[in-house]
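This report refers to the structure that appears directly beneath it.
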Amino acid sequence: MAFTAQDVKALREQTGVGMMECKKALVESDGDMEKAIEYLRERGLAAATKKAGRTAADGVVLAYTDDAKKVSVLVEVNSETDFVGKNEKFQGFVLDVAKTIVEKNPEDVEDLLNVNLLGSDRTVQENLQDLILSIGENMKIRRFERVEGNICTYIHAGGSVGVMVRFDADDATAAKPEFAEMGKNVAMQIAAMSPEYLAKEDISDAELAKMKSIIIESSLNKPDTLPKPILTDVVAKTIAAGAWDDATKATYEEQKNNKFLFNFLSEEAVAALATTAVANKEEYVANPIFSKASEGRIAKQLKEICLLEQAFVRSDLFEGSVKGYVDSVAKSLGADIKVAAFTRYVKGEGIEKKEENFADEIAKLVK
């Protein structure tokens, strides 16, 4: 069966696949449009299988909210290159995936891949395979979060970081522009400061114990962070053990009241102090001075890793913690607003990218 250039164009418009692939499909199917479509689908599956082992650590993080349903989605879809991440066809697919998640409420990525893409009679997996054939890169739907309620979202730098925050607030309050501005500011805070927890109450006793242990070990191994009375005792024990030579002892006596003391001590001298501190761990941990200093470091760390404890970065709007900022907006609106939960995705986070040595690659090609 013969086919024309218009047939090739029609097949391309229907499938989104390149002109040469469409022409080849029509040749292989003897001009039969339905067989050509089936041929391209098989090619898409083959292309997806072939490229599946290639690292996809780029792509985009996208946030989508269905206001009518009060459902929001944060989804990450990966590609091999940033160039494809900016491709309109790729971005359109990601948006359709987000809408599908809102509508179908899949349990996980595997479930999502097996439901029909919204507006299509084919599954998300099949549409993804078509896209891989069309664009020529490996792509993967990595993760998503679907949340119902009053949500604020923020996408940074075209999809490199995405944040979704759920608030406990009544609908009338959530509809106000002041709430939307507050929600965006909190989401931007999360994007910039990457908190690990919502509040310190969300940290388990085991995690707190581990945090305290790390801080204690770190303090003992970094003598310059020790409280002055503890450091003085460590120095005395180090000298008594004969771990410092006469030159080091002389330097210490000369500079011991200098706040830049450790600039004058050798690496070996500092290492000897650390050895002494660690060897006398039980004694120092039991010392109230050391204990108070450790508790202060823990409190400081909690303010860094817990969202509500963090200093609000928009100091031009509010001086204080994130919780204080949210409470101030709630007070101004005469409402009750609480930050209930948040999700933060960083594009490609945790995916190890293969480092390409292009000089080596070229050398291989010319051999």
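For LYS237, list the aspartates and glutamates whose Cα falls under 20 Å from its own Cα; do not include residues on the same chain fewer than 8 positions away.
Within the straight-line cut-off, LYS237 pairs with GLU217, ASP224, ASP245, ASP246, GLU253, GLU254, GLU267, GLU268, GLU282, GLU283.
For region 221-303, run through the chymotrypsin sites (Phe, Trp or Tyr not before Pro) and keep only the ones in DSSP coil with at most 15 other Cβ atoms within 10 Å of their Cβ.
PHE260, PHE264
Here are several values of P(r) over Cα pairs in 20 Å bins from 0, in percent: (1) 33, 62, 4; (2) 22, 36, 29, 11, 2; (3) 23, 50, 23, 4, 0. Which one was derived from the coordinates shown?
(2)
By how many degrees, 0 to 90 and rounded to 10, does the Cα axis of helix 33-51 deviate from the longest principal axis of the chain?
So the inclination is approximately 20 degrees.
What residue among VAL109, VAL124, VAL77 shows peak mean-square fluctuation when the chain is described by a Gaussian network model with Cα springs under 10 Å?
Checking each option, the largest mean-square fluctuation is seen for VAL109.
What is the dipole size for region 187-286, taken about its Cα centre, with +1 at each Lys and Arg Cβ and -1 at each Asp and Glu Cβ, in debye to the nearest 20?
That gives a dipole near 200 debye.
For region 43-178, what's the relative contact order in percent, using C-alpha pairs closer than 8 Å and at least 6 residues apart?
Taking the mean separation of contacting Cα pairs over the length of region 43-178, I get 32 percent.
Leaving out same-chain residues fewer than 8 places away, which aspartates and glutamates sit with a Cα under 17 Å from that of LYS338?
Excluding near neighbours in sequence, the set is GLU148, ASP168, ASP170, ASP171, GLU178, GLU181, GLU201, ASP202, GLU309, ASP327.
How would you rank 201-213, 126-138, highest first, on the average number of other Cβ atoms within 10 Å across their residues?
Going from most to least packed, we get 126-138, 201-213.
If one takes the longest principal axis of the Cα atoms in the chain, at what angle in degrees, from 0 to 90 and to the nearest 10, does the Cα axis of helix 177-193 lie?
70 degrees
Going down the list LYS222/LYS249; LYS222/LYS353; LYS212/LYS249, which pairs span over 27 Å between their C-alpha atoms?
With Cα atoms farther than 27 Å apart: LYS222/LYS353; LYS212/LYS249.
Using the structure shown, select from LYS24/LYS86; LYS303/LYS331; LYS210/LYS300; LYS89/LYS140 the pairs with a Cα to Cα distance greater than 26 angstrom.
LYS24/LYS86
Laboratory data are not the source of any read-out in this text; all were calculated from the coordinates shown. Being a predicted model, the structure only gives us computed values, none of them experimental. We place every Cβ from the backbone using ideal geometry, glycine too, and count neighbours over all the protein chains shown.
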